[in-house]
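*Asks:* Got a structure for you, questions after.
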Amino acid sequence: MTGTVSTVCLIGASSVSLKRNAALAAACSLSETALKGYKNKVVETIGVKKERAVQDAVSKDILKKNPVENKEVYITEKGNTLCLEPISGRYFRSDIDKIKRAENELNRRMFDEMYVSLNDLYLELGLKCTSMGDEIGWNVNDGLLDLYFSSQLTENDEPCAVINYNVMPKYGYSQIM
């Protein structure tokens, strides 16, 4: 009797979890579509240069809310420039050219494999993988990985390159349409 009840509870909990995950994925997809539409309209309305200025201001706010003084800085042996990856909130030392090289390598892989995960980027940058890094990524159908950098100063006036994504990683990236 206990085994049967336990099995029914497990099946019920699994069903509820699947429904919640599906609802979360739908909400993320709607948010992504709304954000993409908003960003396109901002560029159309104020122009690319002013949109970049707005993005730079957002990067500055991210840096201010996530000060390097309170964080561990990962040494990747790929350069000495302080960098911030805003999705994971991690600071690391690298080099812009090496980050661009990683971007190019992942775009090449995307042509072969059709998609790459956020963890693939982290590995190319010399960072450890995250649990979320396998859940989101880029699909060649949505556009290639397209990074740009916002140069900011930390509170102690050290230059920091904040990585920005023209094409944001998304859930369900590995589904080929």
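*Asks:* Does Asn164 satisfy being of a type outside the set (Ser, Thr, Tyr) and under 21 Å from Lys65 (Cβ atoms)? Steps first, please.
*Replies:* Values: of a type outside the set (Ser, Thr, Tyr): yes; under 21 Å from Lys65 (Cβ atoms): yes.
Against the criterion (of a type outside the set (Ser, Thr, Tyr) and under 21 Å from Lys65 (Cβ atoms)), Asn164 qualifies.
*Asks:* In this structure, does Arg20 turn out to be in a helix (DSSP H, G or I), at pLDDT below 80 and open to solvent by 80 Å² or more (accessible area, probe 1.4 Å)?
*Replies:* So Arg20 fits the description; yes.
*Asks:* Continuing with the same structure: What pairs come up if the first residue lies in region 100-114 and is in contact (Cβ under 8 Å) with a residue 60 or more places away in the chain and within 13 Å of Ser174 (Cα to Cα), the second is open to solvent by 10 Å² or more (accessible area, probe 1.4 Å) and part of a helix (DSSP H, G or I), and their beta carbons are under 7 Å apart, counting only those six or more places apart or on different chains?
*Replies:* Matching pairs, first to second residue: Met114/Val140.
*Asks:* Where in region 64-168 are there strands (runs of 3 or more DSSP E), lying wholly inside it, with at least 2 residues that are open to solvent by 50 Å² or more (accessible area, probe 1.4 Å), farther than 27 Å from Val48 by Cα and not basic (Lys, Arg)?
*Replies:* Counting at least 2 such residues, we get 73-75.
The values are calculated or read from the model by the stated rules, or taken from the named source; none is laboratory data. Treat the numbers as computed from the prediction; the structure is a model and nothing was measured. Backbone-built Cβ (ideal geometry, glycine too); neighbour counts: all protein chains shown. Surface areas here come from the heavy atoms of the whole protein model, side chains and all, with no ligands, DNA or RNA. Shrake-Rupley method; radii C 1.70, N 1.55, O 1.52, S 1.80 Å.
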